[in-house]
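Participant: Before I ask anything, here is the structure I am working with.
Nothing in this text is a laboratory measurement; each read-out follows from the coordinates by a stated rule. These numbers were taken from a predicted model, which means no experiment stands behind them. FYI the Cβ positions are ideal-geometry reconstructions off the backbone, even for glycines, and counts take in every protein chain you see.
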Amino acid sequence: MIVIDTEHVDLTTPTGSMRTHIVRPAAPGRYPGIMLFSEIFQVTAPIRRTALQLAGHGYVVAVPEVYHEYEPAGTVLKYDQEGSDRGNALKTTKPVQAYDDDARAVLAHLAAREDCTGRLGVMGICMGGHLAFRAAMNPEVLGTVCFYATDIHKGGLGEGMRDNSMARAGEIKGELLMVWGRQDPHIPTEGRMKVLERLNEVGTRLNWHEVNGAHAFLRDEGVRYDPELANSMFGLALDLFHRSIAVGA
């Protein structure tokens, strides 16, 4: 049995202090690091449980509060219409550069920790999947998992909704796993195919999985949760991290 420790650190970014939640095995030692990006609702109970699962497999997990410039530290948006409206509004208010700066701050923190091996991966869910995709452009990221990453196909992230994620896809050098729900209205078939075509064009080390699931099928709360799909796709994520950042750790 692996016992888990939790804490938080407040990291310095160009746009202010960013509360970042750390979940790690309690046993002394050095572990690979994973940056976990949340949905638009920040660090909810399902996101915490996802971090606990990752840590339980032998990883130091860092979960930043993505809207730290706009909400007090510790703010969690509810899974309701008000929370969705607030999260979606902030998603296209915050500049893309600020998201990228946040990612680099967390990666630097993980790399500098005495309990981290310095081998780094990233995982993200929904908007967090898009943030993970961008974080994968950092050369120190060896493996990345994106669950139903929104807005990549239409460049809709950040202030002005004109991100350059597709244009910069060739900068992703580590191994990449993209997981999609075929019944997800936020990323239609034509959108997924645009992303796939681009990743093939630039020669990404790519694993691509589409399942018969809705948006948020991984979230273990609410009517769209599909535990069978969540379990199997989470297993693929662990497989990627084990071979990309845990081997040789």
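Participant: For region 32-150, which fully contained helices (runs of 4 or more DSSP H) count at least 2 residues that are under 13 Å from the mean Cα position of the chain (by Cα) and not hydroxyl-bearing (S, T, Y)?
Facilitator: Counting at least 2 such residues, we get 45-56, 96-112, 127-135.
Participant: Also, quick follow-up: Taking the condition surrounded by fewer than 21 Cβ atoms within 10 Å (Cβ to Cβ) and in contact with a Lys or Arg (Cβ under 7 Å, 6 or more places away or on another chain), does M166 pass?
Facilitator: When the stated conditions are applied, M166 passes them.
Participant: Still on this structure, please answer the following. Working carefully through the options T75, T50, find the one that is under 15 Å from I4 (Cβ atoms), in contact with an Asp or Glu (Cβ under 9 Å, 6 or more places away or on another chain) and polar (S, T, N, Q).
Facilitator: T50
Participant: Among the residues of region 152-172, how many are in contact with a Leu (Cβ under 9 Å, 6 or more places away or on another chain) and touching a residue at least 40 places away in the same chain (Cβ under 8 Å)?
Facilitator: Residues flagged as in contact with a Leu (Cβ under 9 Å, 6 or more places away or on another chain) and touching a residue at least 40 places away in the same chain (Cβ under 8 Å) within region 152-172 amount to 2.
Participant: Another question, if that's okay. For residues that are assigned to a helix (DSSP H, G or I), small (G, A, S) and crowded, with 16+ Cβ neighbours inside 10 Å, tally how many sit in region 207-243.
Facilitator: So the answer is 2.
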